[in-house]
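Below you'll find the structure, written out as structure tokens, and then a few comments.
We did not get these values from a lab; they are worked out from the coordinates using the rules stated. The model shown is predicted, which means the values in this text are computed figures rather than measured ones. All Cβ positions, glycine included, derive from the backbone under ideal geometry; neighbour counts span all protein chains shown.
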Amino acid sequence: MVDGNFSLFGKIMFVNKTLVKLLGYKNEDFIDKKVHVLMPEKISEVHNKFWSLFAEQGVPKVLEQTRFLYVKDKAGYIYPYKIFIKFMYHPEFGYCFTGVFRRPKSITFDD
């Protein structure tokens, strides 16, 4: 779960232990970190622009749909994942973004 408060700009509040293990991290690797630690550098730069547009306009372009995104593991390797991101209210964390991550079995490209 990532904080939905725009002033905190993507601070990670909770990470599922399965994802932590799959990517080679430890829970403490995410303490006071931003969601960008899971992104390749060039993607995180563009992500800042998406975040700013969402904060200004309030119109989501990537929420509530499954997308292929690239995720960086602890060793720095990059893998494609199917990710569904949702903006929601959680009783413990307040407004936040939550994502469901799945490694695809295969990837096909349409011509």
- Message: Just want the answer: with Cβ charges of +1 for Lys and Arg and -1 for Asp and Glu, which residue in Y70, G99, G10 is farthest toward the dipole's positive end in the range 2-102?
- Response: Y70
- Quick one: compute the contact order of the range 2-102, relative version, from alpha carbon pairs under 8 angstrom and 6+ residues apart, as a percent. 27
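Anything over 21 Å Cα to Cα? Flag those among K17/K42; K26/K74; K49/K74, in the order listed. Numbers along the way, then the final one.
Numbers: K17/K42 26 Å; K26/K74 9 Å; K49/K74 24 Å.
Over 21 Å Cα-Cα: K17/K42; K49/K74.
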- Please report, in debye to the nearest 20, how large the charge dipole of the chain is about its Cα centre when each Lys and Arg carries +1 at its beta carbon and each Asp and Glu carries -1 there. 360
- Message: Let me see the P(r) profile for the chain: every Cα-Cα distance counted, bins of 10 Å, each bin given as a percent of all pairs.
- Response: 13, 47, 34, 6, 0
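Given the Cα-Cα distance of I78 and N27 and 0.36 nm per residue of separation, how much length would full extension add, in nm?
Numbers: separation 51, 0.36 × 51 = 18.36 nm, distance 1.93 nm.
Contour length minus the Cα-Cα distance gives 16.4 nm.
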- Task: May I ask you to give the average projected area over all directions of the convex hull of the Cα atoms of the range 57-111, in nm² rounded to one decimal?
- Result: 6.1
- Message: Less than 13 Å apart at the alpha-carbon level, and either on another chain or at least 8 residues along: which aspartates and glutamates does that give for K82?
- Response: E64
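Would you mind calculating the gained length between W51 and S106 on full extension (0.36 nm times residue separation, minus the Cα-Cα distance), in nm to one decimal?
Details: separation 55, 0.36 × 55 = 19.80 nm, distance 2.91 nm.
Computed gain between W51 and S106 is 16.9 nm.
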- Query: Can you give the direction-averaged projected area of the convex hull of the alpha-carbon atoms in the range 1-48, in nm²?
  - Reply: 3.4
